[in-house]
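Only one structure is covered here, and it is reproduced in the block below.
Throughout, read-outs are computed from the coordinates displayed, never taken from laboratory work. A quick note: this is a predicted structure, and the numbers were derived from the prediction, not measured. Note that each Cβ is placed from the backbone with ideal geometry, even for glycine, and that neighbours are counted across all protein chains shown.
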Amino acid sequence: MTLFLTASALILLATLSYSTLCVASPFGTCRKCRGFGYLTRTDRKGRLKHGKDCRRCHTTGKRIRIGRWIYNRAVHVHRAGTR
C-alpha cells in the first residue's frame, strides 16, 4: 500500500512540475536542430558547417512544448463550445 502511495505521489509531483514548466516557459528547444535553427553538417575535413534551415521550428530554434500545445487546444475547444 505504501509503495502505491509513493508511486502516486511521484506521478503527481512530475505532472505538477511539467505543468509549471509549461506555464513558465511554453517554448522549448527544437529537437531536430537542437536549438540552432539550422541543421549542422560537416565538410570533408570534419569541420561543422551551416546546413539547411530547420523546417520544424522555421529557423527559430524553439518549438511549443507538448503540454502547452494540449492546453492551447483544450482552451480553443472550450471557447468554441461556449460561444
TODO: Measure nothing but the geometry: give the 0 to 90° angle between the long axis through the Cα atoms of 2-24 and the longest principal axis through the Cα atoms of the chain, rounded to 10°.
DONE: 50
Task: Positive-end residue, the chain charge dipole about Cα centroid, Cβ charges, pick of 75, 39, 13 - done: 39
TODO: No other cysteine beta carbon under 4.7 Å away is the test; run it over the chain and list who passes.
DONE: 22
Task: Note, ³J(HN,Hα) from phi for the range 33-49, Karplus 6.51, -1.76, 1.60, rounded to Hz, x at Gly and Pro - done: 9, 6, x, 7, x, 8, 7, 8, 10, 10, 7, 5, 7, x, 7, 6, 10
